[in-house]
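Data first, discussion second: the structure below is written as structure tokens.
The values are calculated or read from the model by the stated rules, or taken from the named source; none is laboratory data. All of these numbers come straight from a predicted model, not from anything done at the bench. Glycine gets a Cβ as well: all are built from the backbone with ideal geometry, and neighbour counts include every protein chain shown.
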Amino acid sequence: MYGAILKSGEKYYTYLYKIFTGINIMQKDYNWLITDIVAYPETKEYQDLFSKKYAWLSGDELTNITEKEDFQWIWGVLSGFDKNIDIEEVLKYSLPYADGYEGFWENPLSLQHPLASIEIVAWDSSLSLIISKNKQIIDNFRLVFPLSEDLEYYNEK
């Protein structure tokens, strides 16, 4: 498992359009379970969508939202799943959460949802975390955000 933390060098954290650029638009390769959401989009449609207990979106749908309105996420966990895993299977497990979850700060790194391949976490609007089974995603992210740190190394400090 690989991870990165971004907590310096940005005016604001967890604007998904910029994060998606940082992972080389690989979010389109997944379906997304979005949970523990605190965000304030301006569009009523997105307010309704993200005020629920969870949202389930394709990578293309999530990308389209960020292209139309790229708002800051205060709290939230975006868990990416291979496209062959359906929502019924995903919902057999507990919903991931950000606020109060201690596992982000423990090694070895792990994903909250056992079926997920990647998690992007908005942490109290003060930092972003990204954890992935795919090292290339983390490498791409760290190139675009050079002030990000290896999460495993960060946890050891």
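Remarks
- Residue check for Asn107: in contact (Cβ under 8 Å) with a residue 24 or more places away in the chain, over 24 Å from Lys28 (Cα atoms) and either of a type in the set (A, V, I, L, M) or in a loop (DSSP other than H, G, I, E, B) (or both): yes
- Taking (1) free of Cβ contacts under 8 Å to residues at least 60 places away in the same chain; (2) farther than 14 Å from Val121 by Cα; (3) surrounded by 14 or more Cβ atoms within 10 Å (Cβ to Cβ) in turn, Met26 satisfies each apart from (1).
- Residue match in the stretch 76-98 (condition: outside any loop (DSSP other than H, G, I, E, B) and either modelled with pLDDT under 95 or touching a Lys or Arg at 6+ places or on another chain (Cβ under 6 Å) (or both)): no
- Residue match in the stretch 132-152 (condition: farther than 27 Å from Lys52 by Cβ and among the hydroxyl-bearing types (Ser, Thr, Tyr)): yes
- Looking across the stretch 60-75, the residues that are out of contact with any helix residue (DSSP H, G or I) (no Cβ under 9 Å at 6 or more places or on another chain) and either among the hydroxyl-bearing types (Ser, Thr, Tyr) or crowded, with 18+ Cβ neighbours inside 10 Å (or both) come down to Ile74, Trp75.
- Taken as a whole, the condition of being among the β-branched types (Val, Ile, Thr), outside any strand (DSSP E or B) and in contact with a Gly (Cβ under 7 Å, 6 or more places away or on another chain) applies to Ile138.
- Here the condition is being within 19 Å of Ile34 (Cβ to Cβ), aliphatic (A, V, I, L, M), touching a strand residue (DSSP E or B) at 6+ places or on another chain (Cβ under 9 Å) and surrounded by fewer than 22 Cβ atoms within 10 Å (Cβ to Cβ); of Leu95, Leu129, it holds for Leu95 alone.
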